[in-house]
1. Out of the residues in the stretch 14-30 that are over 15 Å from residue 43 (Cα atoms) and within 11 Å of the chain's Cα centre (by Cα), state the one that is farthest from ligand 1 (Cβ to nearest atom).
2. State the number of residues belonging to the stretch 21-38 that are surrounded by fewer than 21 Cβ atoms within 10 Å (Cβ to Cβ) and in contact with a Phe, Trp or Tyr (Cβ under 9 Å, 6 or more places away or on another chain).
3. Within the stretch 84-104, is there a residue that is more than 11 Å from ligand 2 (Cβ to nearest atom), touching a strand residue (DSSP E or B) at 6+ places or on another chain (Cβ under 8 Å) and not charged (D, E, K, R)?
4. What number of residues in the stretch 11-31 are more than 9 Å from ligand 2 (Cβ to nearest atom) and part of a loop (DSSP other than H, G, I, E, B)?
5. Please enumerate the residues belonging to the stretch 74-87 that are within 16 Å of residue 9 (Cα to Cα) and either among the acidic types (Asp, Glu) or exposed (fewer than 13 other Cβ atoms within 10 Å of the Cβ) (or both).
6. Would you check if residue 59 is within 16 Å of ligand 1 (Cβ to nearest atom), within 15 Å of the chain's Cα centre (by Cα), without any contact (Cβ under 8 Å) to a residue 60 or more places away in the chain and exposed (fewer than 13 other Cβ atoms within 10 Å of the Cβ)?
7. Out of all the residues in the stretch 47-64, is one or more of a type in the set (A, V, I, L, M, F, W, C), part of a helix (DSSP H, G or I) and touching a strand residue (DSSP E or B) at 6+ places or on another chain (Cβ under 6 Å)?
8. Quickly run through the stretch 88-106 and pick out the residues that are more than 12 Å from residue 11 (Cβ to Cβ) and part of a helix (DSSP H, G or I).
Amino acid sequence: AFVVTENCIRCKYTDCVEVCPVDCFREGPNFLVIHPDECIDCALCEPECPAKAIFSEDEVPEDQQSFIALNGELAEIWPSITERRDPLADAAQWDGKPDKLQYLER
Ligand code: SF4
Ligand code: F3S
């Protein structure tokens with residue numbers, strides 16, 4: 001499956017959801033996840049993310065490995081999102097900032 005990683009937090013551009021053929025994105029307050037059991041590995045979403053937050057599971061960077069389990073966990077409780085929304089207000093400021101996991105809202 002593909003995985004949404006840390007740089008999505010506090011950005012949530014949502015360009016990714018528009019291209020997913022199986023609607024497997026789930027939405028939280030300031031982060032999105034991919035449902036690992038629904039993702040068909042089409043790779044369409046990866047280049048759509050302006051924050052470059054989406055990786056194939058086998059290409060998730062070493063320091064982002066915890067996001068694999070986090071996507072699975074949150075996908076079970078968050079609702080589906082299939083249409084793009086405006087990014088979060090300060091998205092441009094937060095894009096690329098390190099250590100954003102502490103700001104994850106559930
Ligand atoms: Fe959806 Fe394809 Fe991205 Fe998986 S890889 S989340 S199926 S767009
Ligand atoms: Fe997040 Fe990128 Fe989608 S910032 S909402 S994974 S387009």
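Read-outs throughout are calculated quantities, based only on the coordinates presented, and are distinct from any laboratory measurement. Remember, predicted model here, so these are calculated numbers, not experimental data. Here Cβ is always computed from backbone atoms with ideal geometry, including for glycine, and neighbour counts include all displayed protein chains.
1. 30
2. 5
3. The answer is no, given that none of the residues of the stretch 84-104 is more than 11 Å from ligand 2 (Cβ to nearest atom), touching a strand residue (DSSP E or B) at 6+ places or on another chain (Cβ under 8 Å) and not charged (D, E, K, R).
4. Residues in the stretch 11-31 being more than 9 Å from ligand 2 (Cβ to nearest atom) and part of a loop (DSSP other than H, G, I, E, B): 8 in total.
5. Answer for the stretch 74-87, where residues must be within 16 Å of residue 9 (Cα to Cα) and either among the acidic types (Asp, Glu) or exposed (fewer than 13 other Cβ atoms within 10 Å of the Cβ) (or both): 85, 86.
6. yes
7. Looking for residues that are of a type in the set (A, V, I, L, M, F, W, C), part of a helix (DSSP H, G or I) and touching a strand residue (DSSP E or B) at 6+ places or on another chain (Cβ under 6 Å), one finds none in the stretch 47-64, hence no.
8. 101, 102
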